[in-house]
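Working notes, structure below.
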Amino acid sequence: MFEGFDPVILARAQFAFTMSFHIIFPAFSIGLASYLAVLEALWLWTGRDVFLNLFNYWLKIFAIAFGMGVVSGIVMSYQFGTNWSAFSDKAGPIIGPLMAYEVLTAFFLEAGFLGVMLFGLERVGPRLHFFATLMVAIGTLFSAFWILSANSWMQTPTGYTINAAGQFVAADWWKVIFNPSFPYRLVHMVLAAYLTTAFVVGAVGAWHLLKDTRLPGPRVMFSMAMWMATLVAPLQILAGDQHGLNTLEHQPTKIMAMEGHFESHPHGAPLILFGIPSQAEGRVNYAIEIPKLGSLILKHDLNAPMAGLDTVPRENWPPVPVTFWSFRIMVGIGFLMLGLGLLSLFMRFRGKFYESRFLHIFALAMGPAGFIAVLAGWVTTETGRQPFTVFGLLRTSDSVSPLAAPAVASSLIAFAIVYFLVFAAGTIYLLRLMAVPPHHDEQGPAGNVPSRAAGITPAVGATASGRAS
Amino acid sequence: MIDIAVVWAFIIAFSVFVYVVMDGFDLGLGMLFPLFPKKEDRDVMMNSVAPVWDGNETWLVLGGGGLMAAFPLAYAVLMPALYTPMIVMLLGLVFRGVAFEFRWRTTRERNLWDIAFAGGSLMATLAQGVALGAILQGITVNGRHYGGGWWDWLTPFSVLTGLALMAGYGLLGATWLVLKTEGALRDRAYRLSWWLLFAMLAAIGLVSIATPFLDAEYARRWFAWPNIILTAPVPIAVAAITALLMRSLAAKQDYRPFFLSLALFALSYAGLGISMWPYIVPRSITIWQAASPDNSLHFMSYGVAVLVPIILGYTAWAYYVFRGKVRAGAGYH
């Protein structure tokens, strides 16, 4: 079985599958860790129980999501070697140290303080506990920093030389780490993680407000989430635009694929809204396009000439249909997020923020939007840089391990079965937790420890405890 | 002049050892789950590692990531050679990792996640042991790539090392329970420790006998004059530690057996190092051939020098926070 399959395609399918499952969890836990830090800070500062209840409520959800992120992440750290050994040998001297720094500065920090964050409030007291929460949140951001630096270097490699063994060697670590696309990708991804979390929190809040608009916890979380949507969605669109301009400069073929620009346009390129790109025919069929707008967006000039894929040898074309469509899904969701953010602002000023069923249903429907946008965005950037692993320098087909197709096919099937079972169960448990509103005296993961209220109330809490939560 | 490749060989060996020390007991504890059918016992067992397992497994990521960074050629040759054991290990770690959270979220399927926890721990342990045997018995190298097939790893010797590691992690798990629990649970763990100690000693003996037959170089390394002056203390120390361990088990000194078991591991590990040195892929690739360019190693050395002591510090703090016996009902969930 499987002898006829292309081992490169199988290895790519396995990486794409395991990576897509993995990225869902960090996208959520980066944002959620920061949100938890904010909630705990607000609790320490105001002493209001509602913040502690929300903190404990989301902490239980965080524990599950983080656990799934950890186990799916260990898989990733070994898959470079198992399936992309030629890449590991050649790019290891550069990518390896960046990932080693991720482990040293981020993974250990998260893992080291996670236990205290989840189970240690009673043992260490609120202030030290807040420190642990902060360390976990900072750890998730450090992790994003290093892994996005590594990914960005593969997209826009700078600061390297190539040695006699054909390995990439750093000539200037500063240029390796802060390669041209890194700052844009980092900002874009961290904002994406924050938005993803905000829309999940918002949807959970909306779900409970639909049933009872007076619940204090859902009111607070819904309001916080919608502020994030209102403020961060426009920022994200701006960041995405800047990221696109950077890509145009450094990876023009990716932009050509995203835009569906098979042909060059010497007198201003159109913006193709929709259409059916055909890789074989080299054109976009049934295209609905706005003349000159493509040049205006990408070059800020209606008549700027834009080169198309016809200037690039066919063997260097990325798969256009996937890149084209995933990009549109991401952008479409981005604008829907903006729409919800603006609507929520409007409802706030109208005083119907907590009552508008339409707003709540809209927010509920947008709950998974961040995940879909993150996946679509990564599909865009990763298929758009094909057929290279290190852009322009190392081809994907030269990166793969010398493994027979049956080996990779078997592991791919095993991953598919295990991931669907395990992560489906995890998702059900997450949804089950979210289906119940946070209540008064909400317990964290350390739930069945007999509570010693005096030990966990912050100093200000003593005076503020009478205040309504 | 310091040889940076040697330094990094020790750093990688150190992280793999810390991984074995830290994750060994929680994998072992997972494998012992079926022997403790009572829900209360399982809750206590799970809670004795719940706050720290994640940090423990991070050392595995450092071992893998560090190998890629410091010895990319070795990483590139070993991982495809060990393809199946690696995938099995990763899937095992998925099962047992999620079980930590999932089993508290359901009553109906709790048994299912207990099976996943035990089964996943067993898969991961067996795979790690098999991988170790596969490395020791030698790997076909073709240029800068792995040159063998995808079943080469499976031999009687690799199965033996797989079983040996199961016994070893099992002993660590049982002595950890002795350290962290009380009452009937602890008494049970004491009895298991005896059995697992005998199993581990048998495993050490068998692997030690089999290894010299794998390659004449291993035999020379251990038994030829004057090497034997350096190698003879290893088995002597194993005997001494075993005697101490038996005494502490007999005297029921709760905290000692765990640390003495770790000492047994350290000695076995040192023995392994003696056999392998200076190869990172035995008989084919030395640490110098596999090493990353100096500037990659130097760049990471700063990070390791500054960060590893800090990491060890806050890891120790986390263990300190959750010190002492875990009591039934006083769970963390």
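The values are calculated or read from the model by the stated rules, or taken from the named source; none is laboratory data. Please read all numbers here as calculations on a predicted model, not as lab measurements. Methodologically, a virtual Cβ is constructed for each residue, glycine included, from the backbone with ideal geometry; neighbour enumeration extends over all protein chains shown. When the accessible area is computed, the model is the full protein with side chains, heavy atoms only, and any ligands, DNA or RNA have been set aside. Shrake-Rupley method; radii C 1.70, N 1.55, O 1.52, S 1.80 Å.
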Response to the item:
Counting only helices (runs of 4 or more DSSP H) wholly inside segment B:40-118, the ones holding at least 2 residues that are more than 8 Å from every other protein chain (Cβ to nearest Cβ) and under 30 Å from B:GLY149 (Cβ atoms) are B:72-81, B:83-102
Practice prompt. Answer yes if at least one residue in segment B:67-88 is modelled with pLDDT under 90, among the aromatic types (Phe, Trp, Tyr) and open to solvent by less than 30 Å² (accessible area, probe 1.4 Å), and no otherwise.
Written response: no
Practice prompt. Kindly indicate whether B:ILE280 is within 14 Å of chain A (Cβ to nearest Cβ) and part of a strand (DSSP E or B).
Written response: yes
Discussion item. Going residue by residue through segment A:81-104, is there one that turns out to be open to solvent by 10 Å² or more (accessible area, probe 1.4 Å), of a type in the set (Phe, Trp, Tyr) and closer than 30 Å to A:GLY392 by Cα?
Written reply: yes
Worksheet item: Filter segment A:170-194 for residues that are touching a His at 6+ places or on another chain (Cβ under 8 Å) and part of a loop (DSSP other than H, G, I, E, B); which is most open to solvent (accessible area, probe 1.4 Å)?
Response: A:PRO180
Worksheet item: What tally of residues in segment A:76-85 results from selecting those that are at the interface with chain B (Cβ under 7 Å from one of its Cβ atoms) and either touching a residue at least 60 places away in the same chain (Cβ under 8 Å) or in contact with a Phe, Trp or Tyr (Cβ under 8 Å, 6 or more places away or on another chain) (or both)?
Response: 4
Practice prompt. Determine the pairs where a residue that is facing chain B (nearest Cβ under 8 Å), located within segment A:395-419, has a partner that is of a type in the set (Ser, Thr, Tyr) with Cβ atoms under 7 Å apart, the partner being 6 or more residues away or on another chain.
Written response: A:SER401/A:THR82; A:SER401/A:SER85; A:PRO402/B:TYR146; A:LEU403/B:TYR83; A:ALA407/B:TYR83; A:PHE415/A:THR18
Worksheet item: In segment A:44-55, which residues are open to solvent by less than 10 Å² (accessible area, probe 1.4 Å) and either in contact with a strand residue (DSSP E or B) (Cβ under 6 Å, 6 or more places away or on another chain) or of a type in the set (A, V, I, L, M, F, W, C) (or both)?
Response: A:VAL50, A:LEU54, A:PHE55
Discussion item. For segment A:379-418, which positions are open to solvent by 30 Å² or more (accessible area, probe 1.4 Å), within 21 Å of the chain's Cα centre (by Cα) and of a type in the set (Lys, Arg)?
Written reply: none
Worksheet, complete the sentence: Among the residues of segment A:274-321, the number that are closer than 18 Å to A:GLY244 by Cα and open to solvent by 60 Å² or more (accessible area, probe 1.4 Å) is 8
Practice prompt. Please tell me if B:PHE10 is under 14 Å from the mean Cα position of the chain (by Cα), free of Cβ contacts under 8 Å to residues at least 24 places away in the same chain, away from chain A (no Cβ under 11 Å) and in a helix (DSSP H, G or I).
Written response: no
Fill in: Looking only at segment A:349-361, and only at residues there that are of a type outside the set (D, E, K, R), open to solvent by 20 Å² or more (accessible area, probe 1.4 Å) and touching a residue at least 40 places away in the same chain (Cβ under 8 Å), the one that is nearest to the other protein chains (Cβ to nearest Cβ)
A:ILE361
Worksheet item: Taking the condition facing chain B (nearest Cβ under 7 Å) and within 20 Å of the chain's Cα centre (by Cα), does A:PHE107 pass?
Response: yes
Worksheet item: Which condition number in (1) within 26 Å of A:GLY268 (Cα to Cα); (2) in a helix (DSSP H, G or I) is the one that A:ILE361 fails?
Response: (1)
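What are the residues in segment A:120-151 that are open to solvent by less than 10 Å² (accessible area, probe 1.4 Å) and part of a helix (DSSP H, G or I), if any?
A:HIS129, A:ALA132, A:THR133, A:VAL136, A:ALA137, A:GLY139, A:THR140, A:ALA144, A:LEU148, A:SER149, A:ALA150
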Discussion item. Quick check on segment B:219-235. Is at least one of its residues over 30 Å from A:GLN167 (Cβ atoms) and surrounded by 19 or more Cβ atoms within 10 Å (Cβ to Cβ)?
Written reply: yes
Practice prompt. Among residues belonging to segment B:288-329 that are in a helix (DSSP H, G or I), in contact (Cβ under 8 Å) with a residue 60 or more places away in the chain and within 30 Å of B:ASP41 (Cβ to Cβ), point out the one that is farthest from the other protein chains (Cβ to nearest Cβ).
Written response: B:TYR319
